[in-house]
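Comments concern the structure below.
The values are calculated or read from the model by the stated rules, or taken from the named source; none is laboratory data. Note that this is a predicted model, so its numbers are computed, not measured. Note: ideal-geometry Cβ built from the backbone for every residue, glycine included; neighbour counts use all protein chains shown. Each accessible area value is taken on the protein alone, full model and side chains, heavy atoms only, with ligands, DNA and RNA left out. Shrake-Rupley method; radii C 1.70, N 1.55, O 1.52, S 1.80 Å.
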Amino acid sequence: MTIYHLFGPVISLCLLAAASVASAAGDTVRKDEKTCFESRKGLSQVRKHEIEPGVMNVKCSPITGGVLFWGDPFDGTIPMGDMPVEADYSHEEAVVKPREPQIDRNKLLTICAMACHNGEYVPYPENKLARPLRMHKDIVPDSMQLKHGKGAIWCLDCHHAVTRTKLIDHYGNEVSFNQSQKLCGKCHGQVYRSWRNGIHGKRIGMWRKGGKKRWWTCTECHNPHDVEQGGRNSGFAQLNPEPAPMLPKGMSNADHERGHGEEHGR
Amino acid sequence: MSKEETKVKGPNGTSRRDFLRKAGSYTAASLSGTAMLLSDPKPAKATANVSWAEHFQKNYRLMTDEEKKEAVTRLEHRYSEEFGKKVEVDDAPAMDGVLFGYALNIQKCIGCRRCVKACVAENNQSRGENQQIEWIRVLRMEKGKFSAEDRDRQGYPEDYGVQVGGNAYKPAGVVLEGQHYYEPDLVPEKDAFYLPMQCMQCEKPPCVKVCPVRTTYRDPDGIVVIDYNWCIGCRMCIGACPYWARRFNWGEPDLPAQEMNPDTHYLGNRPRMKGVVEKCTFCVQRTRKGRWTACVEVCPVGARKMGNLLDPESDVRKVLASKKVFRLRADLNTYPKFFYFME
Ligand code: SF4
Ligand code: SF4
């Protein structure tokens, strides 16, 4: 979460020991699984429940555990809240799924904020220079992978120095984890514009003008700490794909499409 | 349902062609099948009436509103009985002032095939061991090989002795045509990108041109639909479609009752029968009610956008206005309403 990675020896600094997130990443799906994930495995979990007799809130893939169908696209959402710029959501109902419960689901964030990182017990850092990580490598799973802005971004550029349950904007104003777009948009202006226009990122609900929409916020798809996904430079963590289509009758394998055609020319 | 009739109909109703053929052989004097069914000793059962009326109904497009209502109600009864739950068959016509268009961000797609499976769940395609029908296919496109070792150093294909055009047999950067059956543990892979394809809802659809019974046609909102009841299974449309979008029910569709989606549309995801063609309808049962398609909603990276092409404020129009877009096989003058885009 809050770790800095430089080339060569890792000198990292941990400011905030929260969000032990990676646990679900590599797990295989069990048949009886009660939760599935929306976009980010492990960090956008939904619990299956009946919303009316015979109708589930979500249907999930038995193979990958990804949500395949929303019985109610607005289940568990809250109003998006004020946005500083006018866009579609000023004249139609826009809702989001609150991120706080996902991020703070083990209450680590709240506890850290109150017990230690309150500006007194752990003193307020004098400057933003990277220092070796002393603690919390164990409970901050992303700790060796902070890679955002090729090293130009550091913990306190995004996280509030003392109110650990909040993010900050350029002026140091608090931004809720539910509205990460206000923070991310300060650098990623073009993406932010596309997102506000509804053509970057994901929305579900009604396509019709004036119809209610659930908007996905930045961290529902992207991991802000390892946003480049290492050398892959992708923006999305890798996922297990759903199975391949059935082979046509009489075909025993798909080797025909795996070769490069060199065989034919020989 | 009487024993003879079960024989005629098959478990889930059968194709029109099938029916007529078999009915014909039962009535040697070439009396119509109608007469035979009407003289069924036990015609009282609701299902018997339904199948009679269903087999001899008009082409959906030529039906009056009342006839459409009748057809739809008939089906609702039959399906509700067959699947043991309340099935709704919608007959909503195209909305005024709407022309549906779709835009897919090819830069974002990670090849996870979730759209494929969500579509199957939504649209009641056949699944299971014997027949699996998917309306979306995701092609894995390899980025190519560009290493020095991979190049053909001679430049002349030895066996042939003549040069037929540079390193024709081992050019640099060979790219596969597209793999359907890719199965890595994790996607996206480093050396590939993905190209999902489905019905492009062409403005000038070649499939519509070739259909001999005109059971597939373009509705005013731009969706190319199929009246499954009039499909004779000739598969001309499959041959005509340049986008491989159409699928054929070679066997009796396998749709487990508990997985069946009861929110259906006559021209969309209602259960199909053996011997008919089907394809993507932009989830007509959802989109005509204002809801996004199943594949738009499910894509975990938000690569899929759709909306009203006639509304400059719609998602798809905003994509057309601000991104780089292209269509597949634009040279064929099919005018697809399915666009691919990049940032
Ligand atoms: S629009 Fe609907 S029917 Fe068409 S591919 Fe998407 S999910 Fe399937
Ligand atoms: S769900 Fe989205 S990312 Fe996955 S294969 Fe389909 S279009 Fe691509």
Positive minus negative residues near A:F74 (Lys, Arg vs Asp, Glu; Cβ under 10 Å): +1
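Can you pull the mean other chain C-beta count within 10 Å for peptide B:301-310?
The shielding value for this peptide is 4.
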For A:L68, other-chain or 5+-apart residues with amide H closer than 5 Å (H placed, Pro excluded) are A:K59, A:C60, A:S61
What is the interface area between chains B and A, defined as buried accessible area summed over both chains with a 1.4 Å probe, reported in Å² to the nearest 100? 5100
Quick check: pseudo-label points 7 Å beyond the Cα along Cα→Cβ at B:K86 and B:R214, how many nm apart are they? 3.8
Quick one: if you stick a label point 7 Å off each Cα along the C-beta vector at A:D72 and A:K212, how many nm between them? 0.9
Stretchable slack from B:H180 to B:E66, in nm (0.36 nm times residue separation minus alpha-carbon distance): 36.6 nm
Of all chymotrypsin sites (Phe, Trp or Tyr not before Pro) in segment A:163-199, which ones are in loop regions per DSSP and have a Cβ with at most 11 other Cβ atoms within 10 Å? A:Y171
Long-range amide H contacts for B:Y194: which residues qualify at under 5 Å (H placed 1.01 Å from N, peptide plane, sequence gap of 5 or more or a different chain)? B:M141
Suppose R0 equals 22 Å. What FRET efficiency, 1/(1 + (r/R0)^6) with r the Cβ-Cβ distance, do A:N253 and B:R235 give to the nearest 0.05? 0.25
Measure up A:K41/B:K289; B:K204/B:K305; B:K69/B:K274 against 28 Å on the Cα-Cα distance and list the ones that go over. A:K41/B:K289
Find how many whole Å separate the alpha carbon centroid of segment B:311-336 from the alpha carbon centroid of segment A:150-228. 28
If r is the Cβ-Cβ distance from A:V162 to B:K143 and R0 is 35 Å, what FRET efficiency results, to the nearest 0.05? 0.15
Here the whole-number average of other chain Cβ atoms within 10 Å per Cβ of A:68-81 is 2
Given points 7 Å out from each Cα along the Cα-Cβ axis, report the B:S322 to A:R232 separation in nanometres with one decimal. 2.7
Per DSSP, loop chymotrypsin sites (Phe, Trp or Tyr not before Pro) in segment B:53-86 with at most 16 further Cβ within 10 Å: B:F56
For segment B:96-105, in residue order, the Karplus 3J(HN,Hα) values (coefficients 6.51, -1.76, 1.60; θ = phi - 60°; whole Hz; Gly and Pro = x) are 5, x, 10, 10, 6, x, 9, 9, 10, 7
Spelling it out for A:D226: with amide H atoms placed in the peptide plane at 1.01 Å from N, the residues 5 or more places away or on another chain with amide H under 5 Å from its amide H are A:K147
Net lengthening on full extension, A:V55/A:K150 (0.36 nm per residue, minus Cα-Cα): 29.6 nm
Which ³J(HN,Hα) values, rounded to whole Hz and listed in residue order, are derived for segment B:221-235 from phi using the Karplus coefficients 6.51, -1.76 and 1.60 in 6.51 cos²θ - 1.76 cosθ + 1.60 with θ = phi - 60°, glycine and proline given as x? 7, x, 8, 8, 10, 10, 8, 4, 5, 9, 5, 9, x, 6, 6
Dipole magnitude of segment B:207-269 about its Cα centre, charges +1 at Lys/Arg Cβ and -1 at Asp/Glu Cβ only, in debye to the nearest 20? 460
Once Lys and Arg are counted +1 and Asp and Glu -1 for all other residues with Cβ under 10 Å from that of A:V175, the total becomes +1
